[in-house]
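Data block below; observations after.
The values are calculated or read from the model by the stated rules, or taken from the named source; none is laboratory data. These numbers were taken from a predicted model, which means no experiment stands behind them. Every residue, glycine among them, receives a Cβ derived from its backbone with ideal geometry; neighbour counts consider all protein chains shown. SASA here: full protein model, heavy atoms, side chains in, ligands and nucleic acids out. Shrake-Rupley method; radii C 1.70, N 1.55, O 1.52, S 1.80 Å.
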Amino acid sequence: MARYTNEMRERAVRMVAEVRPEHPHETAALRHVAGLLGMNVETLRLWVHRAQVDAGVRPGTTSEEAEEIKRLKREVAELRRANEILKSASVFFAKELDRPT
């Protein structure tokens, strides 16, 4: 699987936007640009849709929001682990306090 630079992605998305008026539908424009760049049409379609969501033209979760959600999920998982550790420690110390001397 080829890795493309951000510059290449932006250029490909711009090319689709530029040639879109010359084609009857978006799929034809995607096929045309993908052929010119020697890339998979589906990859290009995903890039174009992601760019449209990020620009607010298409509904969906923006890239920025998706990154924030990932960060928050990691934070929640970390806090849950810490909470479990604290619960275990409190049980341990409660048992120690209840032990007869």
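Residues considered: ALA77, ALA51, ALA12, ALA66. Of these, the only one that is part of a helix (DSSP H, G or I), without any contact (Cβ under 8 Å) to a residue 60 or more places away in the chain, open to solvent by less than 50 Å² (accessible area, probe 1.4 Å) and in contact with an Asp or Glu (Cβ under 9 Å, 6 or more places away or on another chain) is ALA51.
Of the numbered conditions (1) over 22 Å from ARG14 (Cβ atoms); (2) open to solvent by 80 Å² or more (accessible area, probe 1.4 Å); (3) modelled with pLDDT of 95 or more, ALA82 satisfies every one except a single condition; which is it? ALA82 satisfies all of (1) over 22 Å from ARG14 (Cβ atoms); (2) open to solvent by 80 Å² or more (accessible area, probe 1.4 Å); (3) modelled with pLDDT of 95 or more except (2).
Annotation: of all residues in region 16-32 being in contact (Cβ under 8 Å) with a residue 12 or more places away in the chain and open to solvent by less than 40 Å² (accessible area, probe 1.4 Å), the one that is nearest to GLN52 (Cα to Cα) is VAL16.
Is there a residue being closer than 21 Å to ARG3 by Cα, assigned by the TED database to the domain that holds GLU18 and small (Gly, Ala, Ser) anywhere in region 66-80? Give the derivation first.
Initially, region 66-80 is screened for residues closer than 21 Å to ARG3 by Cα, giving 66-67.
If we keep only those that are assigned by the TED database to the domain that holds GLU18 as well, we get none.
No, region 66-80 contains no residue that is closer than 21 Å to ARG3 by Cα, assigned by the TED database to the domain that holds GLU18 and small (Gly, Ala, Ser).
Checking each residue of region 47-57 against the condition of being under 30 Å from ARG11 (Cβ atoms), basic (Lys, Arg) and either at pLDDT 95 or above or within 18 Å of the chain's Cα centre (by Cα) (or both) gives at least one match.
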